[in-house]
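Values in this text are rule-based calculations from the coordinates and carry no lab data. Everything quoted here is computed from the prediction, not taken from an experiment. Here the Cβ positions follow ideal geometry from the backbone for every residue, glycine too, while neighbour counts run over all protein chains shown.
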2 protein chains.
Amino acid sequence: MEAKANGPKQEERRRTGIAGPTNPLVTPLLSDLYQFTMAYAYWKAGKHNERAVFDLYFRKNPFGGEYTVFAGLEECIRLIANFKFTAEEIAFIKTSLPKTCKDGFYNYLRGVDCSDVEVYAVSEGSVVFPKVPLLRVEGPIAIVQLLETSLLNLINYASLVATNAARHRFVAGKSKLLLEFGLRRAQGPDGGIGASKYSYLGGFDATSNVEAGRLFGIPLRGTHSHAFVSSFTSPDEIMDKSLQSRDGSSTCEDFVSLVQTWLSKIKWSHLLHGIFGETNQTELAAFTSYALAFPNNFLALVDTYDVMRSGIPNFCAVALALDDLGYKAAGIRLDSGDLAYLSCETRKFFRSIEKEFGVQDFGKMNITASNDLNEETVDALNKQGHEVDAFGIGTYLVTCYAQAALGCVFKLVEINNQPRIKLSEDFSKVSIPCKKRCYRLYGKEGYPLVDIMTGGNEPPPKVAERILCRHPFNESKRAYVVPQHVEELMKCFWPGSADKAREELPPLKEIRDCCIKQLEQMRPDHMRRLNPTPYKVSVSAKLYDFIHFLWLNEAPVGELE
Amino acid sequence: MEAKANGPKQEERRRTGIAGPTNPLVTPLLSDLYQFTMAYAYWKAGKHNERAVFDLYFRKNPFGGEYTVFAGLEECIRLIANFKFTAEEIAFIKTSLPKTCKDGFYNYLRGVDCSDVEVYAVSEGSVVFPKVPLLRVEGPIAIVQLLETSLLNLINYASLVATNAARHRFVAGKSKLLLEFGLRRAQGPDGGIGASKYSYLGGFDATSNVEAGRLFGIPLRGTHSHAFVSSFTSPDEIMDKSLQSRDGSSTCEDFVSLVQTWLSKIKWSHLLHGIFGETNQTELAAFTSYALAFPNNFLALVDTYDVMRSGIPNFCAVALALDDLGYKAAGIRLDSGDLAYLSCETRKFFRSIEKEFGVQDFGKMNITASNDLNEETVDALNKQGHEVDAFGIGTYLVTCYAQAALGCVFKLVEINNQPRIKLSEDFSKVSIPCKKRCYRLYGKEGYPLVDIMTGGNEPPPKVAERILCRHPFNESKRAYVVPQHVEELMKCFWPGSADKAREELPPLKEIRDCCIKQLEQMRPDHMRRLNPTPYKVSVSAKLYDFIHFLWLNEAPVGELE
């Protein structure tokens, strides 16, 4: 049960110039046992080096939507680039397989790496659609099979949470700040780290997760909790009461008294008179103390006792005292209650303060809301009207409660240059055979119109040339398209041999920018929350014919008696 | 963006004889930024060493049930035992906090560890209930606050998935084999590893996840996928056709022909005549090849083409050929279609084979079912009647689709020996103040009757002595109990100083056994799926009075005008 010391092992694996996976637990053993039993059976049958092509794709967009954000590619390439079994790992595999397995297999495993594997993939952060491969992995069948589970694991959740984040951004609007607060409720430590990374990729602005900030350079946000407030008893316990003014020109020796003075001014002000009685002194002590620690970044959680009768007046007293010394308070956070109502009341209070005391921009003070928010609640808040500037979103974002999983699959589409098809009585589960090329065709208005898959050797679609796009399984659904722009979707991210060109892995910020840009480029009716229009995914006429030829060939013919 | 080399760091941290967390990403930085801003504010106010007591608990049982399995404790203790900031980590925190923060704070962080922290906890694998603390963490407030996020992260998902597993076991029944197959759909790499670990803890028998098998000694299971089947073309491609008999006494030179012979015997048998026509030869080749690789462990996935017309006859032909050589086939797996119908038809077929060819126990052949199973579908299969011996459960188990999160919270209940309460307009969100002791009281029939929390200095409930148990918030709900057995729930798992006694961390298998035993000990009406009876959680009369005294003291008095 020892924690694994991964330092040296990671080093040993790193022969490709590409770092290992972020999580050291991602090793060639992060896989299903059946990949190893199959690898053995391939090896035993002398088939292990047969050249196979697998497509990784999903069948249905998540969250009832019509788009998906592709994420997780960098971690896949990191795994592939460093894919090598250690002696300890091979010894463990040996104990996990039947004793009858031949030793030659373990010798074979010792030499396994991905130098003979090729990976073509859609760029990370792309908007993607069902059936079109996200990854095409080609190589010796046993090795590609050994990659299956880890690739699915690294892409499924990454893409799901990135899509979830994009959907939250869509409903919140461009101008709001979106903060990911999910670490404590995430599905394990790197459920949390992955959520932070891929929420940022999908359009969030910042995270509370410090480790994710360190690993990926994501901006960090956070203030204080209810426990901080209730750890105080009264302002009397504040020992060091002095605060230097922002410009250093003077020092207020008793900031606590200054706050109390402001509190009574607010209480007896004409505009606010009678709105509140005595505020909670525990809370006032906590706010004052927090402001003394962070005079430039004073952001207070105002709902420990009563937002309008205690939290907001206390916050304003401290903020106005800070203002006297040249500091600008950062704002407040609401973590319970009716966020629409409370944010509007708070905004009114802030505006009254601005008016009554002539403090410029006090009415524009930042209001952050948190507390079990999700796509629906943000949408409901929008409909009702609110004054929230920033949303802190946790549980429902990171656990993707609205969708169990993306459900990517990894299907054999060709072996030894022979196309393979996986049939099913359910059309949506039939795989599209062949080593394919995939294109996105753009229309006159700059929107993507359709994705098209063709056989590997077909000529690519050409700009301004009419091409027939067919639904892969429905013979009546087809359309001619004259693309204004043609984009090939899959690029080579792992060419196997080191001397071949490969796409660079861009930094996270660049992937995020690309994602946001692509999302904005989509035709709005594909993106709306209710009844979005499906984006069309098609095959070329030639590939269509071939699929159906193969299908008839493979499907059993029934017998009526 | 370098992967973290954790080897040396883990070593440096390991001064307590307790290994670091399983996932090297679990460090003191796996936390929300606000823990650090609060720590700074405590330090700035000179409050950081004030002695605080926090309770970690949840408010509602998950999955609409009335019980929860507690899991994740060992990982928490591993974190606490090795909690120490590295210079690199402190440097990162410095870049994340405002520049105005004093350097003294970073010097303070350098010395932080958990030698002055005490952790009392319920044993891992226990059946637990809302409001009763799972962990009580006592120590300097700044340090305990820094632990909050990681502890919640390590417990929330662990307990949720362990509870989910226990619920699946309950509905499947004791006699079925439960296999966790969720790695590819889990929320990230250690979402998968955690799911495997805690599903096993909650009563599953095995996992497909090789890394989890290696880390925790969980039994591994797995056979082959559809890709394996479709990678073959025909039996002609099998080169090495020989198979030695199980006892080594003879060798069958052409196992492929032996299989073909059996296939035609089955086809023309009296009992099975007309059930199927030509079976798929690709599939037959794959099965034959797999049997040649694993003659002692032949388990075949039978639904690539058509279960009853191809998969089952092909499987039986290979299994009967193996039987000729003294091998016993392991069984089949169904991964699509109507599992109730197909398992019953398969069982009939197997029984006919047993009868027709006199192969003992062939009718009892293992049938494994997979394909998007969950608690509800297993329940529905039971109601309809099925012949499944083993369930492979993935997505819905590991992602806990039926419940977003357990929702554990971490609340300050005492500081400097002063009890603290967190109020809320929602009763269920009011915290129970004081450093408490918690007991489970058992009745005459051996069932647990009620959990009771008392103040830290109250005498413990005594066997055969009447005690009043009160609902913490509802004055009319109370009951006298005469316990036949009293169990103190929280034990010291981290005493801080090395010379004090602490509970051992038992091996996973022992935790699992304890969990299964406790679940069996519960009164059945608490455990049923529909409308279970809530298990009672109470406070002593003295604690009840104190809670309500404090409540009145803290709650603001409204003003009517």
Quick calc: nm separation of the 7 Å Cα→Cβ label points for B:N296 and A:K477 -> 5.1
Most packed first (mean Cβ within 10 Å per residue), the peptides A:429-436, B:159-166 order as B:159-166, A:429-436
Computed about the Cα centre, the charge dipole of the protein assembly as shown from +1 Lys/Arg and -1 Asp/Glu charges at the Cβ has a magnitude in debye, to the nearest 20, of 140
So, relative contact order of chain B in percent, Cα under 8 Å, 6 or more apart, is 17
Nearest 10, in degrees from 0 to 90: the angle of helix B:87-96 to the longest Cα principal axis of chain B is 70
Sparse-neighbourhood loop hits (trypsin sites (Lys or Arg not before Pro), segment A:72-167; DSSP loop; Cβ within 10 Å at most 16 others) -> A:K99, A:K102
Mean per-residue count of partner chain Cβ within 10 Å for B:545-555 equals 1
Dipole check, the protein assembly as shown, charges on Cβ (K,R +1; D,E -1), about Cα centroid: among A:T454, B:G248, B:P524 the Cα furthest to the positive pole belongs to B:P524
homo-copy label distances at B:T261 (7 angstrom along Cα-Cβ), nm, one dp, ascending, are 10.7
Check: C-alpha center segment B:90-108 vs C-alpha center segment A:139-178, spacing in Å is 34
Sorted by chain and then number, the residues having a modelled amide H within less than 5 Å of the amide H of B:L449, at least 5 places away or on another chain, are B:L441, B:Y442, B:G443
Here the correct list, in nm and shortest first, of distances from A:Y480 to the same site in the other copies, label points 7 Å along Cα→Cβ, is 9.3
Counting other chain Cβ atoms within 10 Å of each Cβ in B:189-200 and taking the mean gives 6
Counting only DSSP loop positions in segment A:472-504, the GluC sites (Glu not before Pro) whose Cβ has at most 10 other Cβ atoms within 10 Å are A:E475, A:E504
Going fewest to most other Cβ atoms within 10 Å around each Cβ, A:W43, A:W551 line up as A:W551, A:W43
For chain B, longest principal axis from Cα atoms; helix B:189-201 axis from its Cα atoms; angle between them, nearest 10 degrees, is 90
With only helices counted (DSSP H, runs n ≥ 4, each -39500 (n - 2.57)), the per-residue ellipticity at 222 nm for chain A, to the nearest 500, works out to -11500 deg cm²/dmol
Gyration tensor on Cα atoms of segment A:52-147, a ≥ b ≥ c root eigenvalues, a/c under 1.5 rounded, else prolate if a/b beats b/c, else oblate, says prolate
Set A:K102/B:K509; B:K411/B:K517; A:K197/A:K436; A:K131/A:K444; A:K435/A:K536, cut-off 23 Å on Cα-Cα distance; pairs above it are A:K102/B:K509; B:K411/B:K517; A:K197/A:K436; A:K131/A:K444
Within 10 Å of the Cβ of an average residue in A:37-44, the count of other chain Cβ atoms is 6
Quick calc: nm separation of the 7 Å Cα→Cβ label points for B:K94 and A:E237 -> 3.1
Between the alpha carbon centres of segment B:529-558 and segment B:260-326 the gap in Å comes to 64
Within segment A:262-343, DSSP-loop chymotrypsin sites (Phe, Trp or Tyr not before Pro) with at most 13 other C-beta atoms within 10 Å are A:W268
Computed about the Cα centre, the charge dipole of segment B:223-371 from +1 Lys/Arg and -1 Asp/Glu charges at the Cβ has a magnitude in debye, to the nearest 20, of 460
Quick shape check on segment B:248-340: root eigenvalues a ≥ b ≥ c of the Cα gyration tensor, a/c under 1.5 is rounded, otherwise prolate if a/b tops b/c, else oblate, and it reads oblate
Computed for chain A: size of charge dipole around the Cα centre, +1 on C-beta of each Lys and Arg, -1 on C-beta of each Asp and Glu, debye to nearest 20, value 1640
Here segment A:279-296 yields Karplus 3J(HN,Hα) values (6.51, -1.76, 1.60; θ = phi - 60°; whole Hz; Gly and Pro given as x) of 8, 6, 6, 4, 5, 4, 4, 4, 4, 4, 5, 5, 5, 5, 7, 10, x, 8
Relative to chain A, whose Cα atoms define the longest principal axis, helix A:33-44 and its Cα axis are tilted in degrees, nearest 10, by 20
Amide H contacts under 5 Å for B:C469, restricted to residues at least 5 apart in sequence or on another chain and with H modeled in the peptide plane, are B:A479, B:Y480, B:V481
Expected sort for B:S225, A:S96, B:S234, A:S424 with the fewest Cβ neighbours (10 Å cutoff) up front is B:S234, A:S424, A:S96, B:S225
Output row for B:A380: copy-to-copy label distances, label 7 Å along Cα→C-beta, ascending, in nanometres, one decimal, is 2.8
Residue by residue through segment A:341-348, the couplings from Karplus 6.51 cos²θ - 1.76 cosθ + 1.60 with θ = phi - 60°, in Hz, x for Gly and Pro, are 4, 5, 5, 5, 4, 4, 4, 4
Of all lysine pairs in segment A:223-388 that are eight or more residues apart or on different chains, those with Cα atoms under 18 Å apart total 8
By the C-alpha gyration tensor axes a ≥ b ≥ c (rounded if a/c is under 1.5, else prolate when a/b exceeds b/c, else oblate), the shape of segment B:411-524 is oblate
